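This report concerns only the one structure given below.
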Amino acid sequence: MPESTLIIVGPTASGKTRLAAEVARRAGACILSADSRQVYRGMDIGTGKDREEYGNLPVEGLDLLEPGCEFSLWDFLNLARHVLARCQKTRQPLIVAGGTGLYVSALAERYQLTENRLSDAQRRWLDGLDHAALRAELLRLKPAQHNLTDLEEATRTRRALEIAMAEAAGAPVVQFEGPICVVGLQCAGRELRQRIRARLLERVQNGLVEEVARLRQQGVSDEWLMMIGLEYRYVTRFLTGALNRNDMMQQLEAAIYEYARKQNKWYRRMARNGVEIYWLDAATAAPEQVMSIWEQHDHAKPL
């Protein structure tokens with residue numbers, strides 16, 4: 001049984017969910033969704049929960065909250081740690097099906113997060129510090145600061161200082177632990193565009209517009225729907241009369257494709273930050289390939 005957590009990444013519509021489900025059946029694994037929108041109940045079509053792909057597999061990260069509730073990166077990281085702990089007790093491998101780049105990075109790049117315990121006054125004070133002052137304050141709180149990359153860039157220094165201040169105030173720090181193996185799906189631009197178009201047509205035929213209309217009738221605000229994802233944004237514009245159906249479809253397809261390109265850039269940034277990604281062609285990727293990579297990775301890496 002593989003010991004590391006398998007993370008499958010790739011642009012939207014590249015087949016991550018299908019592949020994760022097929023690998024999970026072979027490995028007897030549990031799946032964790034890393035899509036920030038799939039935590040919401042009643043939002044199945046627009047978020048692509050793909051329940052038919054999962055079948056009877058144990059899947060975490062779905063249907064946790066009512067639409068409109070907040071779910072933060074801190075919440076996801078806590079969820080991932082608890083799911084991994086349960087999997088370790090039952091000796092099940094864990095597969096993370098990546099959708100939200102920030103969630104995947106939090107796992108693969110070992111983000112350290114604290115609960116938001118800084119006061120408004122503390123944040124205003126931090127806002128007034130330049131990079132040199134941020135660095136000096138971080139080294140004052142943590143003289144043995146070993147992660148030198150946190151000292152090189154102002155945003156990272158600010159985040160490290162916020163964590164140090166929260167730790168000093170007694171806030172717990174969470175970080176995903178344990179070995180990981182990251183497999184990525186690559187898809188050529190033309191093929192990806194075709195996949196996006198076909199999936200969008202399927203979702204509309206399966207009731208995407210009706211899903212958004214029902215959410216609005218249940219009192220979910222247009223502002224929240226516009227913020228939560230591209231499908232909900234453009235369908236809301238259609239339902240409010242801002243777009244006709246043809247414009248909705250064309251603009252939504254283009255926006256999803258642009259989002260997929262941004263996802264690819266995010267994964268390349270992860271690789272530059274030291275995350276090893278085993279890339280496969282989305283058109284030919286098979287569960288046997290992934291199982292082989294996963295097992296060989298575990299044998300080659302110290303656990």
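The values are calculated or read from the model by the stated rules, or taken from the named source; none is laboratory data. All values reported here derive from a predicted model rather than from experimental measurement. Every residue, glycine among them, receives a Cβ derived from its backbone with ideal geometry; neighbour counts consider all protein chains shown.
Report yes if some residue within region 90-106 is touching an Asp or Glu at 6+ places or on another chain (Cβ under 7 Å), part of a loop (DSSP other than H, G, I, E, B), of a type in the set (Ser, Thr, Tyr) and more than 16 Å from Val174 (Cβ to Cβ); otherwise report no. Working first, answer last.
Narrowing region 90-106 to residues touching an Asp or Glu at 6+ places or on another chain (Cβ under 7 Å): 99-100.
Right, trim to part of a loop (DSSP other than H, G, I, E, B) and you get 99-100.
Subset that is of a type in the set (Ser, Thr, Tyr): 100.
From what's left, more than 16 Å from Val174 (Cβ to Cβ): 100.
Yes; the residues of region 90-106 include at least one that is touching an Asp or Glu at 6+ places or on another chain (Cβ under 7 Å), part of a loop (DSSP other than H, G, I, E, B), of a type in the set (Ser, Thr, Tyr) and more than 16 Å from Val174 (Cβ to Cβ).
Could you please let me know if Ala166 is closer than 23 Å to Phe76 by Cβ, assigned to a loop (DSSP other than H, G, I, E, B) and touching a Ser or Thr at 6+ places or on another chain (Cβ under 6 Å)? Walk me through it before giving the result.
Numbers: closer than 23 Å to Phe76 by Cβ: yes; assigned to a loop (DSSP other than H, G, I, E, B): no; touching a Ser or Thr at 6+ places or on another chain (Cβ under 6 Å): yes.
Here the answer is no, as Ala166 does not meet what is asked.
Looking at (1) more than 11 Å from the chain's Cα centre (by Cα); (2) assigned to a helix (DSSP H, G or I); (3) touching a residue at least 12 places away in the same chain (Cβ under 8 Å), which is the only condition Ala85 fails?
The number of the failed condition is (3).
Looking at region 149-192, which of its residues are modelled with pLDDT of 85 or more, surrounded by fewer than 19 Cβ atoms within 10 Å (Cβ to Cβ) and in contact with an Asp or Glu (Cβ under 7 Å, 6 or more places away or on another chain)?
Residues satisfying the conditions are Pro179, Gln186.
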